[in-house]
Protein chains: 2
Amino acid sequence: MHVTILGGAGFLGRKLAERIAAEGNLAGRAISAMTLLDQVRATPPRAAFPVTVIEAGLDNFETLRTAMPEGTGVVFHLAAVVSAQAEADFHLGMRVNIEGTRNVLAAAAALKAPPRLVFTSSVATYSGGQDAVITDATRQVPANSYGAQKIIGELMVHDHTRKGFVDGISLRLPTIVVRPGRPNRAASSFASSILREPFLGEEAALPVPEDFALFIASPRSAVGWLLHAAGLATGAVGLDRSINPPGIRATTGEMLAALVAAGGDRGRVKRVDDKEIFDVVSPWPAKFDTARARALGFAPQPPLNEIIGAFLEDDLAATRALRTAGS
Amino acid sequence: MHVTILGGAGFLGRKLAERIAAEGNLAGRAISAMTLLDQVRATPPRAAFPVTVIEAGLDNFETLRTAMPEGTGVVFHLAAVVSAQAEADFHLGMRVNIEGTRNVLAAAAALKAPPRLVFTSSVATYSGGQDAVITDATRQVPANSYGAQKIIGELMVHDHTRKGFVDGISLRLPTIVVRPGRPNRAASSFASSILREPFLGEEAALPVPEDFALFIASPRSAVGWLLHAAGLATGAVGLDRSINPPGIRATTGEMLAALVAAGGDRGRVKRVDDKEIFDVVSPWPAKFDTARARALGFAPQPPLNEIIGAFLEDDLAATRALRTAGS
């Protein structure tokens with residue numbers, strides 16, 4: 001089976017590609033080939049099967065067709081304009097997150113056999129803030145353009161699935177902590193910075209109070225959920241194809257305490273107000289009841305020390321090398 | 001102020017245009033001109049102000065700009081591919097209901113002063129069927145493409161409003177009964193046929209059991225809600241710009257009893273199974289708690305006898321003339 005990762009140069013796409021390459025199979029089927037598409041050139045993982053890298057966005061249907069040749073059994077659609085960027089450039093977000101996702105679905109629907117399509121949505125699709133408790137039945141009222149565009153993506157995945165054009169699953173990922181590499185334009189980027197930068201001897205800004213909670217998960221958990229979604233028996237999922245995976249709630253104060261417990265220097269983290277960031281993240285809820293995901297076999301995120309441990313084991317060395325190279 | 005009705009040749013668009021022309025003002029402001037856009041040529045109402053008719057779809061941004069000149073204070077966006085048609089022709093529904101609505105919002109957002117934009121969504125955005133109770137907080141899980149596309153439209157209106165590009169309100173209209181004229185490709189068209197055709201001496205097919213309930217409203221109520229939405233002080237509406245107006249629940253058996261009470265011949269209505277129609281309408285809920293709309297001043301739909309009375313007073317003669325003309 002061919003597997004395609006759209007957004008294959010992003011930090012999750014890279015980790016996912018490496019994990020699939022290491023395992024050699026996915027959803028119980030052997031991988032014959034992989035395509036990584038991203039507007040930035042993706043680095044192919046070492047693999048026992050051929051890996052094609054396509055440097056392109058989501059705007060061209062034919063390019064997306066090429067990225068999903070006949071025999072594609074699973075498509076991971078992780079490509080997106082992220083939250084702060086979609087808020088700053090409305091039209092770019094609309095074009096990539098809505099039109100682009102529509103093109104992805106059209107290309108996937110053109111395959112003879114409807115592929116499993118795993119789409120990453122986000123907790124940013126919700127509002128209600130710190131006191132809200134989100135269940136599988138909660139109405140999504142987005143307070144940012146990224147969230148609105150991700151719900152629209154979910155609805156397109158949902159309806160293409162209902163029509164039998166693809167077999168889709170949308171995962172509303174928690175804030176992923178610790179992101180390796182550099183800060184990015186996700187509004188939640190600070191949540192990684194405060195746990196990453198101190199280990200690199202750098203300073204990090206905290207734009208929210210220490211009692212501000214986020215719903216978070218490690219890249220390891222996220223990759224595990226993506227793989228689980230790829231192999232999930234969707235008969236049990238029913239009409240509603242969007243799932244809230246079981247992340248954990250943590251305040252930034254708890255995250256900083258875990259930083260200290262892991263040997264990080266809390267003194268590197270400075271509280272700095274940032275209205276633009278705060279306005280995007282403050283409506284995001286942090287309390288989730290993820291009963292449906294657990295019943296569907298999505299593994300719960302372990303406690304905070306695993307999140308920092310995963311970073312130290314998986315990503316610290318590579319991130320340090322990246323910084324030293326000065327690239 | 002200029003007012004624009006997109007879908008101005010549809011039965012609601014026509015009634016809305018006539019009502020605005022008769023009143024001469026809208027949302028407390030005098031009307032200086034009106035534009036009716038539809039892919040079918042709209043009939044301009046008799047009015048004290050100029051009425052421009054544009055025969056076009058929603059695919060061309062420049063045409064939509066022309067339909068909304070500077071000074072446009074209110075845009076009614078009623079144009080859509082309806083439920084059974086969107087289910088039969090997926091791509092047409094996507095193009096008109098999603099791309100078209102995006103073009104409408106872009107054209108409205110290009111105005112110097114953000115206009116009030118009133119968008120018609122639908123009860124078809126919900127599923128859950130006969131036992132579901134829909135509140136303002138209920139998650140929309142659509143069971144048909146029209147519903148999915150209408151939620152996407154709501155989300156685009158919502159986010160364009162949050163960004164300040166337009167001042168939008170989405171009304172999730174109940175099934176409108178009695179539609180004048182001919183049966184159309186809305187899956188709910190039968191609900192009008194069973195109350196209209198007997199008065200014209202014609203037969204009507206009932207594709208659902210008599211204990212099947214619908215959430216309904218008269219065209220009079222719908223036009224009243226559209227006008228109320230046009231003038232609503234949106235400060236009280238908040239982030240969530242979608243509203244369920246207060247229709248009424250009625251079984252088809254109750255509708256037929258009201259037909260008889262109004263002097264209609266129930267013998268003209270034959271029970272005929274239609275799987276295509278039933279599959280679209282059976283997930284639609286009929287029980288609504290419309291507390292928010294009532295608090296915002298949307299007038300409750302009166303009982304069934306008003307619905308039939310409104311048809312007999314407003315539309316029977318014109319519908320009969322249309323049929324006699326054989327057009």
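The values are calculated or read from the model by the stated rules, or taken from the named source; none is laboratory data. Computed from a prediction, not measured in an experiment: that's the story for all the values here. Every residue, glycine as well, gets a Cβ built from its backbone with ideal geometry; the counts of neighbours run over all protein chains shown.
Residue A:192 - would you say it is surrounded by 24 or more Cβ atoms within 10 Å (Cβ to Cβ), within 26 Å of residue A:256 (Cα to Cα) and either within 14 Å of another protein chain (Cβ to nearest Cβ) or modelled with pLDDT of 95 or more (or both)?
Yes, satisfied.
If you take just the helices (runs of 4 or more DSSP H) that sit entirely in the stretch B:274-327, which of them hold at least 3 residues that are more than 27 Å from residue B:169 (Cα to Cα) and without any contact (Cβ under 8 Å) to a residue 40 or more places away in the chain?
Counting at least 3 such residues, we get B:316-324.
Given the residues A:71, A:24, A:28, which is the only one that is modelled with pLDDT under 95, surrounded by fewer than 18 Cβ atoms within 10 Å (Cβ to Cβ) and over 20 Å from the mean Cα position of the chain (by Cα)?
So the residue among A:71, A:24, A:28 that is modelled with pLDDT under 95, surrounded by fewer than 18 Cβ atoms within 10 Å (Cβ to Cβ) and over 20 Å from the mean Cα position of the chain (by Cα) is A:28.
Provide a single number: the residues in the stretch A:256-278 that are on the phi > 0 side of the Ramachandran plot and surrounded by 15 or more Cβ atoms within 10 Å (Cβ to Cβ).
Counting residues in the stretch A:256-278 that are on the phi > 0 side of the Ramachandran plot and surrounded by 15 or more Cβ atoms within 10 Å (Cβ to Cβ) gives 0.
With the checklist (1) closer than 19 Å to residue A:5 by Cβ; (2) among the aliphatic types (A, V, I, L, M); (3) within 14 Å of chain B (Cβ to nearest Cβ) in hand, flag the one item residue A:92 doesn't pass.
Evaluating residue A:92 over (1) closer than 19 Å to residue A:5 by Cβ; (2) among the aliphatic types (A, V, I, L, M); (3) within 14 Å of chain B (Cβ to nearest Cβ) leaves (1) as the failure.
Rundown of residues vs (1) within 29 Å of residue B:118 (Cα to Cα); (2) hydrophobic (A, V, I, L, M, F, W, C), yes/no style:
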residue: B:189; (1), (2): yes, no
residue: B:199; (1), (2): no, yes
residue: B:214; (1), (2): yes, yes
residue: B:217; (1), (2): yes, yes
residue: B:235; (1), (2): yes, no
residue: B:238; (1), (2): yes, no
residue: B:277; (1), (2): yes, yes
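How about the stretch A:142-168: which of its residues are more than 7 Å from chain B (Cβ to nearest Cβ), among the small types (Gly, Ala, Ser) and part of a helix (DSSP H, G or I)?
The answer is A:147, A:153.
Determine if the stretch A:18-33 includes at least one residue that is outside any loop (DSSP other than H, G, I, E, B) and under 30 Å from residue B:157 (Cα atoms).
Checked the stretch A:18-33: no residue is outside any loop (DSSP other than H, G, I, E, B) and under 30 Å from residue B:157 (Cα atoms).
Here are the criteria: (1) of a type in the set (S, T, N, Q); (2) within 14 Å of chain B (Cβ to nearest Cβ); (3) surrounded by fewer than 20 Cβ atoms within 10 Å (Cβ to Cβ). Tell me which single one residue A:242 does not satisfy.
So residue A:242 meets the others, but not (3).
Can you tell me which of (1) within 22 Å of residue A:156 (Cα to Cα); (2) out of contact with any strand residue (DSSP E or B) (no Cβ under 6 Å at 6 or more places or on another chain); (3) of a type in the set (A, V, I, L, M, F, W, C); (4) within 14 Å of chain A (Cβ to nearest Cβ) is the one residue B:187 doesn't meet?
In the conditions (1) within 22 Å of residue A:156 (Cα to Cα); (2) out of contact with any strand residue (DSSP E or B) (no Cβ under 6 Å at 6 or more places or on another chain); (3) of a type in the set (A, V, I, L, M, F, W, C); (4) within 14 Å of chain A (Cβ to nearest Cβ), residue B:187 misses (4) alone.
Among B:164, B:168, B:224, B:253, which is out of contact with any Gly (no Cβ under 9 Å at 6 or more places or on another chain), buried (at least 23 other Cβ atoms within 10 Å of the Cβ) and at pLDDT 95 or above?
On inspection, the qualifying residue turns out to be B:168.
If you scan the stretch B:38-53, which residues turn out to be over 19 Å from residue B:182 (Cβ atoms) and either in contact with a Gly (Cβ under 6 Å, 6 or more places away or on another chain) or in a loop (DSSP other than H, G, I, E, B) (or both)?
Across the stretch B:38-53, the qualifying residues are B:44, B:45, B:46, B:47, B:48, B:49, B:50.
Determine whether the stretch B:134-141 contains at least one residue that is of a type in the set (Ser, Thr, Tyr), within 11 Å of chain A (Cβ to nearest Cβ) and surrounded by 23 or more Cβ atoms within 10 Å (Cβ to Cβ).
No, the stretch B:134-141 contains no residue that is of a type in the set (Ser, Thr, Tyr), within 11 Å of chain A (Cβ to nearest Cβ) and surrounded by 23 or more Cβ atoms within 10 Å (Cβ to Cβ).
Return the residues of the stretch A:82-127 that are modelled with pLDDT under 95 and not in a helix (DSSP H, G or I); say none if nothing qualifies.
Selection gives A:82 alone.
Anything in the stretch A:114-133 that is surrounded by 22 or more Cβ atoms within 10 Å (Cβ to Cβ), more than 13 Å from chain B (Cβ to nearest Cβ) and not charged (D, E, K, R)? List them, or say none.
Within the stretch A:114-133, A:115, A:117, A:118, A:119, A:120, A:122, A:123 meet the criteria.
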